[in-house]
1. Only residues that are more than 10 Å from DNA strand C (Cβ to nearest atom) and free of Cβ contacts under 8 Å to residues at least 12 places away in the same chain: list them for the range A:50-67, please.
2. Which condition breaks for A:A47 when tested against (1) closer than 24 Å to A:L108 by Cα; (2) outside any helix (DSSP H, G or I)?
3. Select from the range A:13-38 the residues that are closer than 25 Å to A:R80 by Cα and of a type in the set (F, W, Y) and list them in ascending order.
4. Out of the range A:1-44, which residues are within 7 Å of DNA strand B (Cβ to nearest atom) and outside any helix (DSSP H, G or I)?
5. Evaluate the range A:39-56: report whether one residue or more is modelled with pLDDT of 90 or more, closer than 20 Å to A:R80 by Cα, within 12 Å of the chain's Cα centre (by Cα) and loosely packed, with under 14 Cβ neighbours inside 10 Å.
6. For the range A:14-30, how many residues meet the condition of being surrounded by 21 or more Cβ atoms within 10 Å (Cβ to Cβ), away from DNA strand C (no atom under 14 Å from the Cβ) and either of a type in the set (S, T, N, Q) or farther than 21 Å from A:V89 by Cα (or both)?
7. Looking only at the range A:50-66, which residues are more than 9 Å from DNA strand B (Cβ to nearest atom) and in a helix (DSSP H, G or I)?
8. For the range A:79-110, give me each residue that is outside any loop (DSSP other than H, G, I, E, B), buried (at least 16 other Cβ atoms within 10 Å of the Cβ) and among the β-branched types (V, I, T).
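The values are calculated or read from the model by the stated rules, or taken from the named source; none is laboratory data. Remember, predicted model here, so these are calculated numbers, not experimental data. Methodologically, a virtual Cβ is constructed for each residue, glycine included, from the backbone with ideal geometry; neighbour enumeration extends over all protein chains shown.
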Amino acid sequence: MPDYGFFDNVYDVARQIPPGRVTSYGAIAHYLGTKGSSRIVGYAMQAAGTAHPPVPAHRVVNRQGLLTAKFHFGGDTMQRLLEAEGVKVKDDQVQDFKTIFWDPSIELAL
DNA sequence: GAGGTGACGACCC
DNA sequence: TGGGTCGCCACCT
């Protein structure tokens, strides 16, 4: 079996994010039990573009709901993807962030 | 084996 | 309220 590390764990959670919803790096890290590793989640997302199967990293934003990953996607690709799912984005910031916020520690806590 | 890096978060002033 | 600084832990070289 493959060496399932922290990255794969992050990918697994990110893939469970339903369309039209977004989550934060800290939320995923907290769900994994390592909230201090919020940076690791972001680092994992960097490799998410090369991960298989692909991970919807565009649904993951920072704690402020800001599209920090947008710079890595290149252009407005991230915003376009979110808007295509019904997520309203303005000024690189997710509108009604707390409303569409998807917390794995709650949704997957069952 | 050790050092450096990083798509963040929380604390301090 | 806003800006700046520190910490934090896994992956890569």
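1. First pass over the range A:50-67, keeping only residues more than 10 Å from DNA strand C (Cβ to nearest atom): A:51-67.
If the condition is that a residue be more than 10 Å from DNA strand C (Cβ to nearest atom) and free of Cβ contacts under 8 Å to residues at least 12 places away in the same chain, then A:H52, A:P54 are the ones that fit.
2. Against the list (1) closer than 24 Å to A:L108 by Cα; (2) outside any helix (DSSP H, G or I), A:A47 comes up short only on (2).
3. The one that is closer than 25 Å to A:R80 by Cα and of a type in the set (F, W, Y): A:Y25.
4. A:S24, the sole residue that qualifies.
5. Yes, there is a match, as at least one residue in the range A:39-56 is modelled with pLDDT of 90 or more, closer than 20 Å to A:R80 by Cα, within 12 Å of the chain's Cα centre (by Cα) and loosely packed, with under 14 Cβ neighbours inside 10 Å.
6. 1
7. If the condition is that a residue be more than 9 Å from DNA strand B (Cβ to nearest atom) and in a helix (DSSP H, G or I), then A:R59 is the only one that fits.
8. A:V89, A:V94, A:I100
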